[in-house]
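Asker: Could you have a look at this structure, given as structure tokens, before my questions?
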Amino acid sequence: MSAVRNLRKLSRAALLSATPRNALPDAIEHVAKVHRAHHPEADLRPLRRAYVLAESSHRGQMRKSGEPYITHPLAVTLLLAQLGAETTTLTASLLHDTVEDTEVTLDQVRTEFGDEVCYLVDGVTKLEKVDYGAAAEPETFRKMLVAAGDDVRVMSIKLADRLHNMRTLGVMRPEKQARIAKVTRDVLIPLAERLGIQALKSELEDLVFAILHPEDHRRTRALMRDHAARADPLTEIAAQARRLVREAGIAAQVLIRPRHTLSVHKLLLKRGELGPGDFGRLLVLVGEDADCYAVLGELHTCFTPLISEFKDFIAAPKFNLYQSLHTAIADDRGRVAEVLVRTRRMHRVAEAGVIALGDPHAASEEAVPEALGEPAAERTDPTRPGWLSRLLEWQSHAPDPDTFWTELRDELAADREITVYCAAPAGSEPGPAGGALPLPAGASCVDAAYARLGEAAHRCIGVRVNGRLTALSTVLHDGDAVQLFLESAAGGSSGPSPEWLEHVRTPAARIAIRRWLAQHAPGEDGRREPGAAVREHDGAVPAPGAHEPPEAHGAPGTHRAPGAHVARGAGGPPGGPDPDAPGPDSPDPGGTGGAGAGAAGADPAPAESTPVVDDRPNAPVRLARCCTPVPPDAVTGFAVRGGAVTVHRDTCQAVARMTASGRIALDVRWQQSVTGCRVTLYAEALGRPRLLADLTEAIAAEGAAVVSADVEPPREQRVRHTYTLQLPDARGLPALMRAMLRVPGVYDVTRAVRRPSAI
């Protein structure tokens with residue numbers, strides 16, 4: 001606060017005394033000195049001209065605190081100078097309120113200071129409430145974020161502007177203080193965190209904490225004052241660490257870094273009580289990356305490390321450019337200290353974030369590309385992180401200010417970012433090299449689909465994560481490999497379901513799904529427009545992870561195909577099982593009473609089947625449903641009650657079981673005049689609309705007739721269809737199975753095999 005008071009005195013002196021031509025006004029002499037410390041060769045002439053224009057245009061304007069208005073742009077400029085901002089940013093910060101609050105125009109700024117300064121000033125200029133009404137604030141932020149997409153220095157000026165306003169917020173009415181503090185908490189502080197500007201973020205957090213939670217703030221400050229009155233154990237541990245790195249020959253600076261107020265409060269909530277070493281951390285600054293690991297080795301050798309507290313943000317930087325080694329050590333007296341180890345360059349980026357990057361449009365930049373381990377030529381705009389690109393993409397589709405404001409807060413609520421690897425599905429546009437896709441933590445496969453494919457993700461019907469089929473609702477983790485499956489665009493029937501909204505994390509996905517659902521709203525007859533993903537169709541699984549059984553014009557969990565007999569229940573004809581058929585404990589596993597996964601209700605002995613038992617030529621023959629034999633399968637028969645013979649494939653487990661139990665096997669051969677056969681097939685698929693229709697169409701194209709069809713309730717986006725089919729020729733079975741496998745979404749087709757019951 002003393003710096004701010006001195007600044008006020010200088011600004012008043014500048015208003016009362018003349019300034020020699022081309023000399024720096026006294027009011028910005030301190031700003032110039034701080035700026036030269038970071039940029040010794042900086043040209044200060046633009047700063048002088050900007051101050052003269054700002055002071056003359058704001059002359060006569062007063063802040064609510066009673067100070068000349070010029071003190072505000074001066075304070076904002078000083079904050080940015082202390083963080084190392086370059087001259088263009090400081091020039092724009094001096095002028096940032098002129099277009100909004102004075103007669104100065106953007107054309108005048110452009111003529112006097114150039115396009116870059118004009119762009120920055122325009123980016124932070126608020127929209128008029130007269131023109132936008134209640135939408136002025138969200139639309140101002142939208143305008144600012146769009147401008148930050150081309151030049152992130154816009155956001156740096158806004159954050160410094162908000163910090164100085166928060167420092168002087170005490171003159172406002174309490175309700176206005178609370179409103180401004182909430183917007184700062186929900187939008188500005190997350191933006192400061194994502195841009196890596198910790199110096200501004202920490203102070204903003206403390207100021208908001210004091211306004212919104214005054215009692216907790218007072219208690220926390222009292223704890224900190226009590227701690228300051230006692231001896232700090234970190235002082236002794238820091239001295240030991242200095243001696244340790246000096247003896248190891250490592251050039252390092254060891255500092256005690258106090259925690260700010262909100263950080264102490266959060267730690268108190270987490271641990272319940274605070275120890276004497278919890279009010280600060282040790283900060284070790286070195287020259288090179290290798291020295292960071294050398295210091296870490298010395299600390300872990302000579303102190304007791306708390307391994308659970310170790311994090312390496314040098315090898316894996318945070319999404320906001322932050323790099324550092326984190327560890328915790330205990331001395332021989334059991335006192336614990338948290339330690340941060342980083343290079344001085346990393347420290348500058350950790351404190352100032354994107355401000356330390358300088359001009360994002362410069363041809364070459366030394367600070368950050370090296371800090372990130374990347375050559376400058378490969379990263380022309382290091383200030384355009386993945387989260388900002390995503391934000392700029394979805395905001396263009398936000399239909400109204402309220403939606404934008406709500407989605408912006410949700411987007412900024414995520415405190416970290418993950419990277420998944422998602423290759424382009426067949427038939428889609430090629431993606432970025434390596435398929436790397438940045439997403440917010442907590443994102444699901446639905447988010448990945450929309451981030452990767454845009455509106456083409458409406459046709460997504462399934463996904464593999466790390467090689468395993470999984471639900472679209474699955475939450476992704478850093479480094480996951482994602483493979484998306486799309487329904488053919490020619491089908492034109494797919495689309496998202498409202499339940500997808502329960503699993504999305506990103507505004508881009510949420511807005512796209514809502515827009516599609518609005519365009520395909522159900523009509524008066526309850527049906528969606530063509531192209532909608534309707535739950536009533538074909539056993540589709542419209543929502544990732546949905547478990548409700550599909551609806552049909554038959555029994556629950558089943559669907560009627562054209563000309564098909566739909567099963568009732570698990571097996572047997574309508575009205576219950578045949579009382580004369582073998583039960584589940586009968587030696588005959590192929591009897592009609594079994595409740596297996598085959599086509600329930602189908603006649604197991606169709607007239608077209610003509611296996612012949614040589615020893616019993618007149619005996620009725622039944623094909624066992626546990627293995628559904630067809631010509632030219634090698635088969636074996638077993639007599640059952642009533643004089644019938646049940647025929648199994650030789651490889652069926654029931655054959656071995658019944659032979660072992662002493663049942664007599666009968667020789668069976670296929671009659672040469674066979675003209676048809678019946679078989680039960682399972683089709684495993686990723687649920688989607690029109691799946692049943694497409695499968696039955698493929699079956700019909702191969703000349704097979706559907707005797708019955710059954711669709712089980714979906715599980716984790718997967719669905720099983722069971723078909724009992726009549727084939728004109730058994731030799732066409734392999735071609736039929738291949739045709740079914742070619743249907744989009746189907747990943748496995750098998751013959752029905754029911755595991756026999758234990759004896």
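The values are calculated or read from the model by the stated rules, or taken from the named source; none is laboratory data. Treat the numbers as computed from the prediction; the structure is a model and nothing was measured. Cβ: placed from backbone, ideal geometry, glycine included. Neighbour counts: every protein chain shown.
Asker: From (1) surrounded by 11 or more Cβ atoms within 10 Å (Cβ to Cβ); (2) more than 40 Å from the chain's Cα centre (by Cα), pick out the condition that doesn't hold for I256.
Answerer: Condition not satisfied by I256: (2).
Asker: Of everything in segment 611-659, what is part of a strand (DSSP E or B), among the β-branched types (V, I, T) and modelled with pLDDT of 75 or more? Give them in sequence order.
Answerer: Those that are part of a strand (DSSP E or B), among the β-branched types (V, I, T) and modelled with pLDDT of 75 or more: V621, V635, T636, V645, T646, V647.
Asker: Has segment 683-697 got any residue that is under 30 Å from G637 (Cβ atoms) and surrounded by fewer than 24 Cβ atoms within 10 Å (Cβ to Cβ)?
Answerer: So far as segment 683-697 goes, no, none of its residues is under 30 Å from G637 (Cβ atoms) and surrounded by fewer than 24 Cβ atoms within 10 Å (Cβ to Cβ).
Asker: What number of residues within segment 423-450 satisfy the criterion of being at negative phi and modelled with pLDDT under 85?
Answerer: 16
Asker: If you take the residues in segment 307-329 that are loosely packed, with under 15 Cβ neighbours inside 10 Å and of a type outside the set (S, T, Y), which one is nearest to the chain's Cα centre (by Cα)?
Answerer: A316
Asker: Please give the number of the condition H164 fails out of (1) within 19 Å of G353 (Cα to Cα); (2) within 33 Å of the chain's Cα centre (by Cα).
Answerer: Among (1) within 19 Å of G353 (Cα to Cα); (2) within 33 Å of the chain's Cα centre (by Cα), the lone unmet condition for H164 is (2).
Asker: Of the conditions (1) aliphatic (A, V, I, L, M); (2) touching a residue at least 40 places away in the same chain (Cβ under 8 Å); (3) within 28 Å of L200 (Cα to Cα), I237 clears all except one; give me its number.
Answerer: (3)
Asker: Next up: So, A135, is that one touching a residue at least 12 places away in the same chain (Cβ under 8 Å), in contact with a Pro (Cβ under 7 Å, 6 or more places away or on another chain) and more than 27 Å from A352 (Cα to Cα) or not?
Answerer: It is true that A135 is touching a residue at least 12 places away in the same chain (Cβ under 8 Å), in contact with a Pro (Cβ under 7 Å, 6 or more places away or on another chain) and more than 27 Å from A352 (Cα to Cα).
Asker: From A228, A178, which residue is over 36 Å from the mean Cα position of the chain (by Cα) and of a type in the set (G, A, S)?
Answerer: A228
Asker: Before we move on, is A136 in a helix (DSSP H, G or I) and at pLDDT 90 or above?
Answerer: no
Asker: What are the pairs, 6+ residues apart or on separate chains, where a residue within segment 324-335 that is in a loop (DSSP other than H, G, I, E, B) has its Cβ under 6 Å from a residue that is modelled with pLDDT under 90?
Answerer: Here the result reads S324/F313; R335/G277, each pair linking segment 324-335 to a residue that is modelled with pLDDT under 90.
Asker: Give the residue that is modelled with the lowest pLDDT, with candidates limited to residues of segment 330-364 that are of a type in the set (V, I, T) and over 30 Å from the mean Cα position of the chain (by Cα).
Answerer: Of everything passing the filter in segment 330-364, V336 is modelled with the lowest pLDDT.
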